[in-house]
Amino acid sequence: MRRQIIEQTAMDVAHQVRAVEDSIEAALIELAELQNRMIRARSVAGVGIATGHSALEQVVVSLQGLIDARGGMAQCHAALRSAKQEVPGLRTVAFGDGQDCPPLPQVATLRAVG
């Protein structure tokens, strides 16, 4: 019973780590899109390049913060993988098909049909 609780708790942590990683990457995508739209908006409006530059700089600062967070999560992931070796009952447990982590969610691919 205790081993099952430990395994389930470890799986809960693994799923949460994956969720946090996915959230960071989704935020990175959104910030990159915002950056693109801001640059395009300045061009469409026909205003000088200095207009909105400080806002663009803040987006870049935010992007860098998320890049740092992404790296921190990668290090966290590696540290948890190592820590697993120290927890009795988890050393020989693998999730899924032999991977150390829960698998990435399956994403449907889109294709054009004619």
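The values are calculated or read from the model by the stated rules, or taken from the named source; none is laboratory data. The shown structure was predicted, so the numbers you read here are calculated from the model rather than taken from an experiment. Note that each Cβ is placed from the backbone with ideal geometry, even for glycine, and that neighbours are counted across all protein chains shown.
Against the conditions (1) in a helix (DSSP H, G or I); (2) surrounded by 11 or more Cβ atoms within 10 Å (Cβ to Cβ); (3) without any contact (Cβ under 8 Å) to a residue 24 or more places away in the chain, where does VAL47 fall short? Just the number, please.
Answer for VAL47: the failing condition is (1).
Answer yes or no as to whether VAL20 is over 26 Å from GLY72 (Cβ atoms) and modelled with pLDDT of 95 or more.
It is false that VAL20 is over 26 Å from GLY72 (Cβ atoms) and modelled with pLDDT of 95 or more.
Is it true that ALA69 is loosely packed, with under 10 Cβ neighbours inside 10 Å and either in contact with a Lys or Arg (Cβ under 7 Å, 6 or more places away or on another chain) or at pLDDT 90 or above (or both)?
So ALA69 fails the test.
Residue under question is ILE6, and the condition is that it be surrounded by 11 or more Cβ atoms within 10 Å (Cβ to Cβ), in contact (Cβ under 8 Å) with a residue 40 or more places away in the chain and not charged (D, E, K, R); does it hold?
yes
Among the listed residues GLN75, GLN64, GLN85, identify the single one that is without any contact (Cβ under 8 Å) to a residue 60 or more places away in the chain and under 30 Å from MET1 (Cβ atoms).
GLN85
Would you check if ILE24 is part of a helix (DSSP H, G or I), within 23 Å of GLY89 (Cα to Cα) and of a type outside the set (Lys, Arg)? Working first, answer last.
Working: part of a helix (DSSP H, G or I): yes; within 23 Å of GLY89 (Cα to Cα): no; of a type outside the set (Lys, Arg): yes.
When the stated conditions are applied, ILE24 does not pass them.
Assess whether ILE29 counts as being assigned to a helix (DSSP H, G or I), over 25 Å from the mean Cα position of the chain (by Cα) and free of Cβ contacts under 8 Å to residues at least 24 places away in the same chain.
Values: assigned to a helix (DSSP H, G or I): yes; over 25 Å from the mean Cα position of the chain (by Cα): no; free of Cβ contacts under 8 Å to residues at least 24 places away in the same chain: yes.
In short, no.
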